[in-house]
Amino acid sequence: VLLPGFVLGGIASGLANPPIATVAIGTVSRDRARMASGVSGVCRQLGTAFGIAFLGALLTNRYNTEIQSKISALTVPNVPPQQQHAILSNIISGLQQAGTFAASTGLKNPPPQYADNPLLPQVQAAVSAAFIDGTLFILRIAAIMLAVGAVAAFALVRRRDLRHDEPPVLDLSA
């Protein structure tokens, strides 16, 4: 399941990194090319780390909100309302503590003591729906960020800033 995504990510990285390096190095004089390459690499690594943290936080927030909403809407059969509220609150708390990792499995293999619980199919459906909704939400946010970045790149990098015709610098002082 993951292999196609990894292949696509590798191809995209291979297509994106050379132009990024070319722009980073091509906008400075040759004697500063190594520095520009280093700064570009650090910025790329920091951007990746912050992007993953930001999107992960959004996914967790969206998942928790959806779990709260979907589980609160369930009804526990043959249980008084006060006890029903306590049961649903405990389910919500447990699912939120388990986090999106547990949600990504869809609770397919629950512990044996919960296998016969009449709420299990509804909880599984709620968990899957919450995770899918959160994932689609962060994919939309990532697409918007990508579009904004592309527009910024086209607007901010000017052709005249690129140095194409500068002769190599020969340092004879050594």
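The values are calculated or read from the model by the stated rules, or taken from the named source; none is laboratory data. It should be emphasised that the depicted structure is a prediction, and the values quoted were computed from it without experimental measurement. Cβ coordinates were reconstructed from backbone atoms using ideal geometry, including for glycine residues, and neighbour counts include every protein chain displayed. Protein only, heavy atoms only, side chains kept; ligands, DNA and RNA dropped before computing areas. Shrake-Rupley method; radii C 1.70, N 1.55, O 1.52, S 1.80 Å.
A Cβ distance below 7 Å, combined with a sequence gap of six or more or placement on separate chains, defines the contacts here; from region 96-108, residues that are within 16 Å of Thr65 (Cβ to Cβ) and outside any loop (DSSP other than H, G, I, E, B) reach residues that are open to solvent by less than 70 Å² (accessible area, probe 1.4 Å) and among the β-branched types (Val, Ile, Thr) in the pairs Gln96/Ile67; Gly99/Thr60; Thr100/Thr60; Ala103/Val127. How many of the residues in region 109-124 are touching a residue at least 40 places away in the same chain (Cβ under 8 Å) and assigned to a helix (DSSP H, G or I)? The qualifying residues number 2.
Among the residues of region 5-36, how many are among the hydroxyl-bearing types (Ser, Thr, Tyr) and either surrounded by 14 or more Cβ atoms within 10 Å (Cβ to Cβ) or at positive phi (or both)?
Within region 5-36, the subset among the hydroxyl-bearing types (Ser, Thr, Tyr) is 13, 22, 27, 29.
If we keep only those that are either surrounded by 14 or more Cβ atoms within 10 Å (Cβ to Cβ) or at positive phi (or both) too, we end up with 27.
Residues flagged as among the hydroxyl-bearing types (Ser, Thr, Tyr) and either surrounded by 14 or more Cβ atoms within 10 Å (Cβ to Cβ) or at positive phi (or both) within region 5-36 amount to 1.
Here is a yes/no grid of residues against (1) within 30 Å of Phe154 (Cα to Cα); (2) over 26 Å from the mean Cα position of the chain (by Cα):
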| residue | (1), (2) |
| --- | --- |
| Thr48 | yes, no |
| Asn61 | no, no |
| Ser72 | no, yes |
| Ser89 | no, yes |
| Gly106 | no, no |
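For region 84-95, name all the residues that are exposed (fewer than 14 other Cβ atoms within 10 Å of the Cβ) and either in contact (Cβ under 8 Å) with a residue 12 or more places away in the chain or among the polar types (S, T, N, Q) (or both). Of everything in region 84-95, those that are exposed (fewer than 14 other Cβ atoms within 10 Å of the Cβ) and either in contact (Cβ under 8 Å) with a residue 12 or more places away in the chain or among the polar types (S, T, N, Q) (or both) turn out to be Ser89, Asn90, Ser93. Residues in region 102-114: is at least one open to solvent by 40 Å² or more (accessible area, probe 1.4 Å) and at pLDDT 85 or above? For region 102-114, residues open to solvent by 40 Å² or more (accessible area, probe 1.4 Å) and at pLDDT 85 or above: absent.
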